[in-house]
Amino acid sequence: MFAITGATGNTGGVVAEKLLAQGEKVRVIGRDTTRLAKFVQKGAEVFAGDITDAASLSRAFDGANAVYALAPPNIGSSDVRAYQERVSNALGSALANASVSYAVVLSSVGADKPDKTGPVVGLHNLEQTLNGVSGLNAVYLRAGYFMENLLPQTEVIQNFGIVGGPIRPDLRLPLIATRDIGAVAAGLLLKLDFTGKEARELLGQRDVSYQEIASVIGKAIGKPQLAYSQLPPQQLKPAFVQMGMSSNMADLLLEMSEALNSGYMTALETRSARNTTPTSLETFVAEEFVPRLQRKAASA
Ligand SMILES: NC(=O)c1ccc[n+]([C@@H]2O[C@H](COP(=O)([O-])OP(=O)(O)OC[C@H]3O[C@@H](n4cnc5c(N)ncnc54)[C@H](OP(=O)(O)O)[C@@H]3O)[C@@H](O)[C@H]2O)c1
C-alpha cells in the first residue's frame with residue numbers, strides 16, 4: 001500500500017492519480033475528507049489529519065510499504081522555519097513508527113545548502129531528519145523552480161502590464177512543471193528499485209530566464225513586447241504580504257531570490273536524460289497560464 005501526503009496538491013495529486021490508474025492500493029492524506037473525495041471513487045482510502053501531528057501521521061502511514069512525502073507550504077505562518085521543523089519531525093517519527101521501507105520525498109534544488117536559501121533550508125533539514133530514520137530507503141527529489149510560481153504573474157500582467165519579480169532578468173533557472181515531478185515520483189514508487197538515501201535533481205525541460213519567460217508569455221497572449229522587470233525587495237515585500245504571505249515568509253522568499261541571484265543556490269547536476277522532464281514552458285503557458293489569465297480577464 002502507498003500513502004500519499006499532499007494528495008490534493010500539485011505533485012501529490014499526480015502521484016495518487018498515476019498509482020490508482022495502475023490499480024495500486026493507495027491511501028490519500030490531507031486535512032479535509034471532502035477535498036480528498038474524488039480519489040475515493042477511484043478506489044483510494046482516505047485519511048484526514050494534520051501533517052504536524054506525529055501520532056496521527058503514524059496511523060496514516062500504518063501498513064504502507066512506501067510513502068510520497070512532502071512538507072506543505074504554510075505561507076501565512078509567522079514562523080515558517082519552525083513550522084517546517086514540526087513537519088519534518090512528524091514525518092521522521094511517522095515513517096519510523098510505521099516502519100515504512102520506501103519514501104519518495106519532495107525536496108528542492110539548493111537543499112544541499114544548510115543556510116541562506118529561505119524556505120529551502122527547511123527542505124535541507126527535512127532531508128537530514130529523514131537520513132536519521134534507519135531502515136528507510138529514500139529518494140529526495142530536488143526539484144527546480146516550479147512553473148506554477150509564474151501563475152501570480154497573471155495578476156501582475158493584468159494590473160501593471162509587465163512580468164515582475166526579484167530574480168535577475170538573465171538568470172537561467174531550471175523551470176519544471178509540477179505534473180512532471182508527480183510523474184517521476186510515481187515512476188519511482190512503482191519500481192521501488194532504490195536503496196539507502198539518495199538525492200536526485202529534477203531540472204525540467206530546459207533552463208529559462210525571466211526575460212525569456214516574459215517573451216514566451218508575450219507571444220502566447222498576443223503582446224510580443226511584454227517585458228520582465230526585476231523589482232527591489234522593498235517594493236516586493238508589501239506586494240507579497242498583500243498576496244497572503246506573512247512578513248516572515250516574504251523575507252524568506254527574498255532571501256531565496258538573493259541566493260539564486262548570487263549563484264549560491266544552484267543545481268549541482270549536469271543536465272541529463274534522468275534529470276530532464278518533458279513539459280516545456282510553452283506547453284505550460286498554453287495549457288495553464290493563458291487559461292488562468294483569460295478567466296481573470298473575464299471576471300474583471
Ligand atoms: N515552488 C517551488 O518552486 C518549489 C521548488 C522545489 C520544491 N518545492 C517544494 O514543494 C513542496 C510543495 O509541493 P506541492 O506544490 O506539490 O504542494 P501543494 O500543491 O502546495 O500541496 C500541498 C498539500 O498539502 C496539504 N496540506 C497543507 N497543509 C497541511 C497540513 N497541515 N496537514 C496535512 N496536509 C496539509 C494540502 O492539502 P489540504 O489542503 O487538502 O489539506 C495541499 O494540497 C514544498 O515543500 C515546497 O517547498 C517548491
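The values are calculated or read from the model by the stated rules, or taken from the named source; none is laboratory data. Keep in mind the model is a prediction, meaning the values are calculated, not measured. We place every Cβ from the backbone using ideal geometry, glycine too, and count neighbours over all the protein chains shown. Protein only, heavy atoms only, side chains kept; ligands, DNA and RNA dropped before computing areas. Shrake-Rupley method; radii C 1.70, N 1.55, O 1.52, S 1.80 Å.
At a glance:
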item	result
In range of the label at residue 116: residues from the stretch 217-249 whose backbone nitrogen is under 19 Å from the point 7 Å along Cα→Cβ	233
Of 116/197; 25/197; 116/237; 42/197; 113/219, pairs whose Cα-Cα distance is over 26 Å	42/197; 113/219
Under 5 Å, built H, 5+ apart or other chain: amide partners of residue 6	29
Burial order of peptide ranges 225-231, 239-245, 279-285 (average beta-carbon count within 10 Å, highest first)	279-285, 225-231, 239-245
Protection proxy ranking of 257-264, 213-220 - average other beta-carbon atoms within 10 Å, highest first	213-220, 257-264
Percent antiparallel among DSSP beta bridges (both partners in the stretch 127-252, rounded to 5)	20
Solvent-accessible area, 1.4 Å probe, carbon plus sulfur percent, for the stretch 152-265	53
Largest-first principal axis extents of the Cα set of the stretch 3-74 (Å)	30, 25, 19
Whole-Hz couplings from phi, Karplus 6.51/-1.76/1.60, listed for the stretch 76-85; x for Gly and Pro	x, 5, 7, 9, 4, 5, 5, 4, 4, 5
Percent antiparallel among DSSP beta bridges (both partners in the chain, rounded to 5)	10
Cα coordinate range in the stretch 146-244, projected on the principal axes (Å, largest first)	49, 30, 22
Dipole of the chain [Lys/Arg +1, Asp/Glu -1 at C-beta], most positive-end residue of 26, 173, 69	26
Extension gain, residue 62 back to residue 198 (0.36 nm per residue minus Cα-Cα distance, nm)	46.6 nm
Accessible surface, the stretch 179-258, averaged per residue in Å² (probe 1.4 Å)	48
The stretch 1-87: chymotrypsin sites (Phe, Trp or Tyr not before Pro) falling in loop per DSSP and having at most 10 other Cβ within 10 Å	none
Alpha-carbon centroids, the stretch 120-176 and the stretch 194-219: separation in whole Å	9
Calculated [θ] (222 nm, deg cm²/dmol) that DSSP helices of n ≥ 4 give over the chain, each run adding -39,500 (n - 2.57)	-13000 deg cm²/dmol
Whole-Å distance, taken between Cα centres, linking the stretch 270-300 and the stretch 1-76	25
Point-charge dipole on Cβ atoms (K/R +1, D/E -1) for the stretch 133-281, about Cα centre, debye to 20	300
Along principal axes, Cα extents of the stretch 49-160, largest first, whole Å	52, 29, 24
Listed peptides 124-136, 170-182 by packing density, highest first (mean Cβ within 10 Å)	170-182, 124-136
Total charge dipole magnitude, the stretch 202-300, about the Cα centre, Cβ charges on Lys, Arg, Asp, Glu only, Debye to nearest 20	360
Descending semi-axes in whole angstrom, ellipsoid equivalent of the stretch 176-300, from the Cα gyration tensor	29, 22, 16
Portion, in percent, of the accessible area of the stretch 1-133 that falls on carbon or sulfur, probe 1.4 Å	46
Equivalent-ellipsoid semi-axes of the chain, from the Cα gyration tensor, Å, largest first	32, 21, 19
All-pairs alpha carbon distance profile, the stretch 119-196, 10 Å steps from 0, percent	14, 33, 30, 16, 7, 0
Heavy-atom SASA rank of 34, 154 (probe 1.4 Å, accessible area, largest first)	34, 154
Length released on extending from residue 190 to residue 282, taking residue separation times 0.36 nm less the Cα-Cα span	30.2 nm
Inter-label distance, nm, simple model (7 Å from Cα along the C-beta direction), residue 10/residue 300	2.4
Where labels lie 7 Å past Cα in the beta-carbon direction, separation of residue 229 and residue 271 in nm	3.0
The stretch 28-33 - phi-based ³J(HN,Hα) in whole Hz, Karplus 6.51/-1.76/1.60, Gly and Pro as x	9, 10, x, 8, 9, 5
Length gained when the stretch residue 38-residue 251 is fully extended (0.36 nm per residue, less Cα-Cα span)	73.1 nm
Estimated dipole of the chain in Debye, rounded to 20 [Cβ of Lys and Arg +1, of Asp and Glu -1, Cα centre]	500
